[in-house]
Amino acid sequence: MIATRTLAAVWILAFALTTAAAQSETALSIGGNGGVYFLAEAGELVVDLHKRDRNRRAAQTELRAILVGPDRRVLQEVTIPDDGKPRGSGFGPVQKVRLSTKVRRKGVYALNVTTSQDRYGEQLVWGFHTNCPRYLIETSRGHKDERHQEPIVLAGSDRPADVCFLPRGGPLSMQIANLPGSVKELTVFGGDGKLLAKLPVLVSPSNGAGQASHTFAADVPRDAIPWRLHLPIGQATVHVDGVTRWDTGDLYPNLSLWTPEPASYFPFSAYRWLLTPYSRKVYGQPGEQGEVTFTVENNSGEEKTIRLELEFPGDPWPVELSQQRVALGSKGSREVTVRYTVGAQRVTRVCHLRATPAEDPEFSTYCTLTAEAGVAPAAKPLSMPLVLEPYRHENEQFGYLPDYPVESQVYFDPENRPFVRTSSGIATHRDGRWAAIDFRKAVTRPDGSPDGRSFGVSSTKIAFDRQGDVYVLARSGRQDALLHSTDGSSKFTAYLIPGREDLSRALDIEQFSGHNVPDGPPPIVRFTRTASDPQRIWRRIHDLELLLPEKTDAGLSLGEPILVSRQCIGLAAHSGIPSSVVSRGGKVHVAWAEATDPEADVPGVPTYVATYDRKTRTLGKPALVGYGLPPNDIHNSPSITIDSQGYLHVLVGTHGRPFPYARSLKPNDAHTGWTRPVPMGDGLRQTYIGLVCDRDDTLHAVFRLWRSAVEPFPASHHGTLAYQRKRPGQPWEAPRVLIVPPFSEYSVYYHRLTIDRRGRLFLSYDYWSTYWFYRNDHRGSRRALLTSPDGGETWKLAGRDLFPD
C-alpha cells in the first residue's frame, strides 16, 4: 500500500517550487473527454482552453466546457464550435476560449469537458493552460459496455510531454502505443527525480508506430510521488495500471487522475468526496428550525482526522455544527448535522461547511447550505418538463429534499400503505412514520428458527396478495429466495427457490399494475441464461420458467417450475422494470420475447404471451403478439398489464424504435387472439417500458425517448424520460417529455412507474449520464420521486403529504 502519510510533505514541497511551469502554456493536446480539478486559492482563477478537430468524419464536434466551484455552483459555461472543415482534412485550426472566476475561498474547482456526437472524445483534441499551480486532469469518456478503461491519448504536439500519476501498490504495468517512429526510448522517474526505468521503444513494421511496455515489481518504492513518464514527443496512447484501468483491490478505482507537471500534483484521490453533498437548499417558514446532514468521507487507505468549521459569505446567522472533528478509518465515512434557522421572508441565508484534513492541511474544500424562507417549488405542481441542468438537479432547482426512502420505487398494499425496498430490507409507513425492517433481523426459516443469512436485493419489486401478505424476491449468495410476511412486513419467512444456482439468472414477480390482485402468493418467473453470442452482445438465450407458490398449513410451497420457453431473450429490468406476468383468478399470463437464428429474416424480436390455467394445470400454446426492433436484442423486454374487464394489454419491447401495442380479443385469455400490433407513434425512438393501467382503464407508459437536433442540444442527440397514455377506445396520445437531461449523448434514468390503489401515478427515477467525469463526481444516488394525482395531467415531486399519518 502507498504510504499516504508522506503525500502531504511531497506535494507541499512541489508547491514550494516555482510555479512558472504551471503558468506557462501547456503544449499538451489531449484526446478523450473528461476535465480538470483545480485546488484553487483565493484570487482569480483563469483557464485558457483550446481544441482542434480531427475531421475524421462529418459529425458536428462542439466542445462544451463548464467551470464549477467547490459546491458545484456553475460559474461559467462556454462552447467551442465545430471548425467546419470537411471530412478527411486532418487537424483543423486551434480554437481558444477563456474561462475565469473570482475565487473567494479556497476549494476544489472543476472544469467539465464534453463533446457533441462524440462521447469518447475521438474526433478532437483539447488542452489548456492555467494560473492555478495545483491541478489534476481526469480523463473520463462516455461509458462502454465493457471493462472500464480510460487510455491517456496525447496527440497534435511535437514537444516533449510528461504523464505524472500516483502509482498504485502492488505490481504495476504500463503500455505505451502509437509513438512516433523516431522515438527510441521512454523513461520513468520517481517523485524525487530518481530514474526508475528505461523503456526501449519497438517500432511496428506494419505501420511504423512505436510501442513500449514495462512492469514494476511491488517492492519498487512508492513513497516519492508522483511518478513521471517522460515522452520525447507528446504523441502516444498510455495505459497504466491503477490510473487508466483497474483491478479488484485497487485503492482508487475509476479515478483516472494525472497531470503533465509534477508540481501541479495534489492528493485529490485520498480526499475524493471529502464532503458531500456539495450543496443543499432548504425552505421553511421564517424562524423555522431544521437540520440537514452532510457526509464526511476518507477515501484514502489510512486513518484521517478531518477538521470542520462553518464560514459565512456575509453576516453570521444561527447555524450549529454537530461536531468540529471527525476521525475516520480507511475508506470510512460519517454523517455530520448542520442545524439552521430560516430567516425572514424574502431573505436567503448562506453558509459554507469547510473540511480540512489534519494530516494534509494544505488541502481544503467546502460545501454550501442555502436556507430560504417560503414554500419549496417542489411542493407545487411543476411546469413540465423538468430541465435538469449541470450540477443543478431536483434539490438545487426545486428544494426537493424527501423525508421518505427513495432507494427504489414505491408500492402500495391493498390498504394503500406505501412500501419501498431498501438495500438491507424494506421500509413502510406506519403509525405516522417510516419504519425500516432489516432482513438480517426479521427473516426466519419456515420452521420459525432465525435464518441468519444475509439476503440481498434480487428484485426491487414488492408484491401483495388479496389478504395483504407481503412478498419480496431476495438472494443469499447464489441462492434465490421468496420472502413472505403475514404481518405487514415486521417479520418475514424465507422460502428457498432451488435450482439453476450455477447459472446467471434473473427473477420477476407479479406486482400490482392497476387491476391485478392475486388471491394467493403472486406468480414468479425465472430467466436462466443458457447461452450467449460472442458476435452479438445483446443476443442471449434463456430458459423461461413459471413458478406458482401456494399457501399450505406449513407455510408456502413453491412447487415445480413450469418451462415456458427455451429461447427467451431474457429480461432487461434496470429501467422501466417491465411486468413479465399478470394474473386474474385461476389464469396466469406470461409475456416474453425470444432470440432467433441470426441468419433468419425476422422483423424484430418475436414477443409472445401464454396463459397458464391453475385449475387444469396446463400451459396454453404461446400466442405471437408482435415484433420489436431490432432482432436479438435483450433490451426488448415486453410489459403486460390487465384492465378492469380482464383484457390483456402488451407493449412489445424495442431498442430505440416505436413500441408496438396489442390487446387481447377476449378477457383473461391470451389464446383467442390479439389486435393487430400498432406502434405507439411514428418514428418514436423508445426503450425501457414502464406500464400501468388506472381505475378508468387508461394505460400509462413511461420510457426513454431519444431526440435529435433540438434544444437544448441542437448539435447532437439526447435521451429524455417521456410519458404517454392511452384512454379506453382511443389511440395513444403523443408523448410528453417529463425529464430533459443536463448533458447530450447517452442517458438512462433507471425509471420505475407504479400506481397506488387510488390510481395515483408514481415515477421513481435516477438520472445517469454516460460521462464518467460527471458520474464520478457525484456520491450516491440522485433518485427522485414524481407523482401525478390526475392521470398524468399534472406532475409534482412527491412530498410528505402523499404519505399521511
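Tabulated results
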{"item": "37 °C / 0.692 mPa s Stokes-Einstein diffusion coefficient of the stretch 651-787, Kirkwood radius on C-alpha pairs, µm²/s", "result": "202"}
{"item": "The stretch 682-748 - convex hull of the alpha-carbon atoms, volume per residue in Å³", "result": "82"}
{"item": "Relative contact order computed over the stretch 712-805 (Cα-Cα under 8 Å; 6+ residues apart), in percent", "result": "19"}
{"item": "Mean separation of Cα contacts under 8 Å (6+ apart) over length of the chain, as relative contact order %", "result": "9"}
{"item": "Heavy-atom accessible area ranking, 1.4 Å probe, most first, across 597, 682", "result": "682, 597"}
{"item": "Derived scalar couplings ³J(HN,Hα) [the stretch 30-44; Karplus, 6.51 cos²θ - 1.76 cosθ + 1.60; whole Hz; x for Gly, Pro]", "result": "10, x, x, 9, x, x, 9, 10, 10, 8, 9, 8, 4, x, 8"}
{"item": "Highest average packing first - 453-466, 616-629, Cβ atoms within 10 Å", "result": "453-466, 616-629"}
{"item": "Residue pairs, from the table 551/587; 491/615; 587/621, whose Cα atoms sit over 23 Å apart", "result": "491/615"}
{"item": "For the stretch 355-417: rounded, prolate or oblate by the Cα gyration tensor [a/c cutoff 1.5]", "result": "prolate"}
{"item": "Candidate lysines for bridging to residue 96, where Cα separation is under 17 Å - those fewer than 8 sequence places away on the same chain excluded", "result": "51, 85"}
{"item": "Square roots of five times the Cα gyration tensor eigenvalues for the stretch 563-633, Å", "result": "24, 15, 9"}
{"item": "Loop-resident sites, the stretch 712-772, for trypsin sites (Lys or Arg not before Pro), counting at most 12 other Cβ within 10 Å (DSSP)", "result": "758"}
{"item": "Gyration tensor verdict on the stretch 432-497 (Cα atoms; rounded if a/c is under 1.5, prolate if a/b is larger than b/c, oblate otherwise)", "result": "rounded"}
{"item": "Which of 649, 577, 376, positive extreme of dipole for the chain (C-beta unit charges)", "result": "649"}
{"item": "Rg followed by Dmax, in Å, when the stretch 183-224 is reduced to its Cα trace", "result": "13.1, 40"}
{"item": "Tail beyond 20 Å, pair distance distribution of the stretch 149-265 (Cα, percent)", "result": "38"}
{"item": "The chain: translational diffusion in µm²/s, Stokes-Einstein, Kirkwood Rh over Cα pairs, 4 °C, 1.567 mPa s", "result": "45"}
{"item": "Gyration tensor over alpha-carbon atoms, the stretch 435-552, equivalent ellipsoid semi-axes in Å", "result": "27, 18, 12"}
{"item": "Reach of residue 461 by Cα under 15 Å, taken over aspartates and glutamates that are not fewer than 8 positions away in the same chain", "result": "407, 413, 469, 480, 508, 510, 756"}
{"item": "Helical mean residue ellipticity (222 nm; -39500 (n - 2.57) per DSSP H run of 4+; nearest 500) of the chain", "result": "-1000 deg cm²/dmol"}
{"item": "Rounded Å value of the spacing that divides the Cα centres of the stretch 468-482 and the stretch 335-371", "result": "42"}
{"item": "Gyration tensor verdict on the stretch 564-603 (Cα atoms; rounded if a/c is under 1.5, prolate if a/b is larger than b/c, oblate otherwise)", "result": "oblate"}
{"item": "Reachable lysines, given that their alpha-carbon falls under 18 Å from the alpha-carbon of residue 331 and they are not under 8 places away in the same chain", "result": "304"}
{"item": "Extension gain (nm, one decimal) between residue 202 and residue 218, 0.36 nm per residue minus Cα-Cα", "result": "3.2 nm"}
{"item": "Rg to Rh, two decimals, where the stretch 138-206 supplies the alpha carbon set and Rh follows Kirkwood", "result": "0.97"}
{"item": "Solvent-accessible area, 1.4 Å probe, carbon plus sulfur percent, for the chain", "result": "48"}
{"item": "Convex hull of the stretch 329-472 built on C-alpha atoms - directionally averaged projected area, nm²", "result": "14.7"}
{"item": "Estimated vicinal HN-Hα couplings, Hz - the stretch 220-232 in sequence order (Karplus 6.51, -1.76, 1.60; Gly, Pro = x)", "result": "5, x, 10, 5, 8, 10, x, 6, 9, 8, 9, 10, x"}
{"item": "Compactness index (Cα Rg / 2.2 N^0.38 Å), the stretch 85-157", "result": "1.36"}
{"item": "In sequence order, calculated HN-Hα J values of the stretch 261-272 (Karplus, 6.51, -1.76, 1.60; Hz; x Gly/Pro)", "result": "9, x, 5, 8, 5, 8, x, 5, 4, 5, 10, 4"}
{"item": "Debye intensity ratio I(q)/I(0), log10, the stretch 549-681, q values 0.10, 0.12 Å⁻¹ (C-alpha model)", "result": "-0.33, -0.47"}
{"item": "Relative contact order, percent, the stretch 392-533 [alpha-carbon distance under 8 Å, six or more residues apart]", "result": "17"}
{"item": "For residue 670, distant residues with modelled amide H under 5 Å away", "result": "611"}
{"item": "Degrees separating the helix 7-16 axis from the principal Cα axis of the chain, which is the longest one", "result": "50"}
{"item": "For residue 492, residues with placed amide H under 5 Å, excluding near neighbours", "result": "443, 444"}
{"item": "Dipole magnitude of the chain, debye to nearest 20 (Cβ charges: Lys/Arg +1, Asp/Glu -1, about Cα centre)", "result": "620"}
{"item": "Listed peptides 74-82, 359-367 by packing density, highest first (mean Cβ within 10 Å)", "result": "359-367, 74-82"}
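The values are calculated or read from the model by the stated rules, or taken from the named source; none is laboratory data. Being a predicted model, the structure only gives us computed values, none of them experimental. Every residue, glycine as well, gets a Cβ built from its backbone with ideal geometry; the counts of neighbours run over all protein chains shown. Protein only, heavy atoms only, side chains kept; ligands, DNA and RNA dropped before computing areas. Shrake-Rupley method; radii C 1.70, N 1.55, O 1.52, S 1.80 Å.
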